2 protein chains.
Amino acid sequence: MLIRPKEGILDPQGEAVERALPALGFDGVANVHVGRMVELEVEDEHQIEPMCEKLLANPLVEDYEIQLIGSAETA
Amino acid sequence: MLIRPKEGILDPQGEAVERALPALGFDGVANVHVGRMVELEVEDEHQIEPMCEKLLANPLVEDYEIQLIGSAETA
């Protein structure tokens with residue numbers, strides 16, 4: 001699962017990275033967003049969305065995206 | 001960029017999630033790993049790897065994966 005701040009919600013980590021990069025000599029960087037990635041193996045993929053809602057993401061301020069990587073694969 | 005703990009390095013967030021999910025009624029979950037996702041727009045894509053090395057990831061304990069999403073796209 002990829003979990004990112006919703007559009008319009010403050011992203012202080014992204015802002016910090018965006019300010020830090022020019023100081024390290026990296027120019028031409030914009031729209032930095034920092035989110036989380038959760039990888040797991042699950043027997044029943046229908047559990048993934050409720051997991052995101054209840055534990056992994058904060059649906060008030062975060063969006064999540066679910067990517068399935070095959071069945072019985074070790075992702 | 002997707003940034004994840006290296007194999008064999010402790011992943012306390014992943015362990016916490018793996019312990020918490022059964023308590024919420026989610027069973028059959030294994031190998032939970034929590035990492036970070038950084039999205040940004042950059043003019044010169046060759047800057048991305050040194051950015052990861054210098055600021056975004058800790059190469060001692062983390063691996064990173066770079067995914068390019070088109071040119072002049074807002075990712």
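The values are calculated or read from the model by the stated rules, or taken from the named source; none is laboratory data. The structure displayed is predicted, hence computed values, not measured ones. We place every Cβ from the backbone using ideal geometry, glycine too, and count neighbours over all the protein chains shown. SASA here: full protein model, heavy atoms, side chains in, ligands and nucleic acids out. Shrake-Rupley method; radii C 1.70, N 1.55, O 1.52, S 1.80 Å.
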Next on the checklist: I'd like the residue in segment B:37-56 that is under 16 Å from the mean Cα position of the chain (by Cα) and open to solvent by 70 Å² or more (accessible area, probe 1.4 Å) and, out of all such residues, is nearest to the other protein chains (Cβ to nearest Cβ).
Outcome noted: B:54
Item to check | Count of segment B:11-34 residues which are surrounded by fewer than 17 Cβ atoms within 10 Å (Cβ to Cβ) and closer than 16 Å to residue A:37 by Cα | outcome: 6
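Table: residues versus (1) touching a residue at least 40 places away in the same chain (Cβ under 8 Å); (2) more than 7 Å from chain A (Cβ to nearest Cβ); (3) among the polar types (S, T, N, Q); (4) part of a loop (DSSP other than H, G, I, E, B).
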position: B:9; (1), (2), (3), (4): yes, yes, no, yes
position: B:19; (1), (2), (3), (4): no, yes, no, no
position: B:32; (1), (2), (3), (4): no, no, no, no
position: B:35; (1), (2), (3), (4): no, no, no, no
position: B:59; (1), (2), (3), (4): no, yes, no, yes
Checklist outcome for this item: Taking segment A:1-10 and keeping only residues that are open to solvent by 80 Å² or more (accessible area, probe 1.4 Å) and over 13 Å from the mean Cα position of the chain (by Cα), one is left with A:8, A:10
Item to check | Residues of segment B:32-71 satisfying the condition of being touching a Gly at 6+ places or on another chain (Cβ under 8 Å) and over 13 Å from residue A:29 (Cβ atoms) | outcome: B:32, B:33, B:34, B:36, B:37, B:62
